[in-house]
Amino acid sequence: MGEKILVTGGTGYIGSHTVVELQQNGFEVVVIDNLSNSTATIVDQIGRISGKKPRFYELDLCNEAALRVFFRENHDLAGVIHFAAYKAVGESVEFPLKYYHNNLVSLLNLLRFMEEFEVPNMVFSSSCTVYGQPEVLPVTEQAPVKKAFSPYGNTKQISEEIIEDTVNSSALKAISLRYFNPIGAHESGLIGELPIGIPNNLVPFITQTAIGKRQKLMVFGNDYDTPDGTAIRDYIHVVDLAKAHVVAISRLLKGIHKESLEVYNLGTGKGTSVMEAIMAFERVTGMKLPYEITSRRTGDVPRVWADTTLANLKLGWRAEKSLDEMMASAWMWEKNLAAGILEF
Ligand code: WQD
């Protein structure tokens with residue numbers, strides 16, 4: 001068994017896909033999750049895919065005493081991939097303190113115990129929301145971090161600053177990965193996005209509309225300054241994203257990182273509008289998706305897609321899956337959910 005990696009938020013959407021890729025690359029994985037936005041059944045699903053269930057601790061990173069016990073029992077960790085955080089943009093506007101407390105206290109506790117137990121490597125789950133609406137597209141890692149559009153985005157900005165200050169004053173080495181828009185599901189159809197309640201994000205809303213759980217998709221505005229008037233994003237397959245985390249943690253373990261903190265955009269480098277996403281879904285499924293154009297959603301940026309040169313050249317990683325593959329896998333997962341693949 002290879003080096004031992006802690007994945008916080010490992011029963012979540014991106015976390016679960018990353019656990020599978022880590023295991024399939026020979027790492028031993030332990031998972032911490034408080035199950036606030038996922039279910040323990042995902043641990044069984046991961047085991048069905050990779051052949052080995054990761055050791056799972058139902059634990060809240062904000063619970064200092066419990067986290068200390070965990071680190072005492074797992075003092076041989078080679079690194080941590082930190083996903084665990086609340087991530088609903090709209091909810092963060094409604095309950096900012098819930099987001100600041102959870103997302104920041106969990107990071108602070110984690111960093112403190114990593115230092116105390118001499119765990120030297122962290123890969124951090126960040127987001128392209130730190131860029132706001134970039135002045136120049138595609139957006140590079142050198143683009144200015146702008147005032148966040150939401151408390152959620154602000155917790156990501158503050159977290160990156162906390163990590164930067166920590167690496168500058170300790171032995172910690174870190175890589176911050178700025179995700180664009182992760183969508184799709186594992187080809188096994190055993191894990192995928194698990195939106196509890198009404199989905200905030202576009203693709204789960206599309207698949208729930210197609211399966212009949214939602215009456216129609218609301219397209220939030222078609223009066224943007226874009227070719228078809230709808231907002232543009234850089235959609236990336238969640239498995240491509242997961243693979244980037246294996247590359248990043250391996251880079252730290254091998255000591256081939258160049259700076260104590262490195263930052264990478266994880267996208268495809270291609271912008272896709274809401275209408276183009278809808279058309280891709282219809283093309284792949286042969287279905288007609290009911291939708292209605294409504295007003296813009298507050299806080300949405302009109303256009304953002306990644307310059308992925310740095311990740312391509314320095315990480316040696318590139319997104320490979322197409323938009324059609326993303327939509328096909330998302331649809332397969334929705335159908336499996338409807339067929340009761342997860343009894344939870
Ligand atoms: C995509 C596009 C919407 C729903 C957010 C976070 C980001 C990350 C991903 C956590 C936008 C439009 C959406 C709908 C629509 N989350 N849309 N109808 O807002 O780009 O990114 O989620 O890490 O940090 O900011 O993703 O999927 O919500 O929206 O028209 O029912 O689809 O306006 O243009 P977003 P999204």
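The values are calculated or read from the model by the stated rules, or taken from the named source; none is laboratory data. Computed from a predicted structure; not experimentally measured. Positions of Cβ are generated from backbone atoms using ideal geometry, with glycine treated the same way; all protein chains shown enter the neighbour counts. Protein only, heavy atoms only, side chains kept; ligands, DNA and RNA dropped before computing areas. Shrake-Rupley method; radii C 1.70, N 1.55, O 1.52, S 1.80 Å.
Taking each residue of region 250-267 that is free of Cβ contacts under 8 Å to residues at least 12 places away in the same chain and looking for partners that are surrounded by 10 or more Cβ atoms within 10 Å (Cβ to Cβ) with beta-carbon atoms closer than 6 Å, six or more apart or interchain, yields nothing. Annotation: K53 fulfils all but one of (1) outside any helix (DSSP H, G or I); (2) crowded, with 18+ Cβ neighbours inside 10 Å; (3) away from the ligand (no atom under 16 Å from the Cβ); (4) not aliphatic (A, V, I, L, M); the unmet one is (2). Within region 263-282, identify whether any single residue is hydroxyl-bearing (S, T, Y), farther than 30 Å from S176 by Cα and crowded, with 19+ Cβ neighbours inside 10 Å, and answer yes or no. No, there is no match, as no residue in region 263-282 is hydroxyl-bearing (S, T, Y), farther than 30 Å from S176 by Cα and crowded, with 19+ Cβ neighbours inside 10 Å. The test for being modelled with pLDDT under 95 and open to solvent by less than 60 Å² (accessible area, probe 1.4 Å) holds for L342.
Evaluation of A78 against the conditions (1) open to solvent by 40 Å² or more (accessible area, probe 1.4 Å); (2) in contact with a helix residue (DSSP H, G or I) (Cβ under 8 Å, 6 or more places away or on another chain) shows that the sole unmet condition is (1). Reported count of residues in region 1-29, each being part of a helix (DSSP H, G or I), within 19 Å of A85 (Cα to Cα) and open to solvent by less than 30 Å² (accessible area, probe 1.4 Å), is 6.
Only one of the numbered conditions (1) within 11 Å of the ligand (Cβ to nearest atom); (2) of a type in the set (D, E, K, R); (3) under 30 Å from N25 (Cβ atoms); (4) free of Cβ contacts under 8 Å to residues at least 60 places away in the same chain is not met by R214, and that is (3).
Condition check ((1) under 22 Å from Y264 (Cα atoms); (2) in contact with a strand residue (DSSP E or B) (Cβ under 9 Å, 6 or more places away or on another chain); (3) modelled with pLDDT under 95; (4) surrounded by fewer than 21 Cβ atoms within 10 Å (Cβ to Cβ)) across all residues:
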{"residue": "T140", "(1), (2), (3), (4)": "yes, yes, no, yes"}
{"residue": "I191", "(1), (2), (3), (4)": "no, no, no, no"}
{"residue": "I196", "(1), (2), (3), (4)": "no, no, yes, yes"}
{"residue": "I232", "(1), (2), (3), (4)": "yes, yes, no, no"}
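Annotation: of all residues in region 69-87 being of a type in the set (A, V, I, L, M) and out of contact with any Leu (no Cβ under 7 Å at 6 or more places or on another chain), the one that is nearest to V30 (Cα to Cα) is I81. Can you name the residue in region 287-315 that is away from the ligand (no atom under 15 Å from the Cβ) and either of a type in the set (K, R) or open to solvent by less than 60 Å² (accessible area, probe 1.4 Å) (or both) and is also nearest to L194 (Cα to Cα) among such residues? Per the criteria, the residue is K288. Residues that are more than 9 Å from the ligand (Cβ to nearest atom) and hydroxyl-bearing (S, T, Y) within region 146-203 comprise T155, S159, T166, S169, S170, S176, S188, listed in sequence order. Here E325 meets the list (1) within 16 Å of the ligand (Cβ to nearest atom); (2) open to solvent by 70 Å² or more (accessible area, probe 1.4 Å) almost entirely, failing just condition (1). Scan region 122-133 and tell me whether some residue there is over 18 Å from the mean Cα position of the chain (by Cα), away from the ligand (no atom under 15 Å from the Cβ) and not aromatic (F, W, Y). For region 122-133, residues over 18 Å from the mean Cα position of the chain (by Cα), away from the ligand (no atom under 15 Å from the Cβ) and not aromatic (F, W, Y): absent. Taking the conditions (1) farther than 30 Å from L313 by Cα; (2) at pLDDT below 95; (3) open to solvent by less than 40 Å² (accessible area, probe 1.4 Å) in turn, N103 satisfies each one other than (2).
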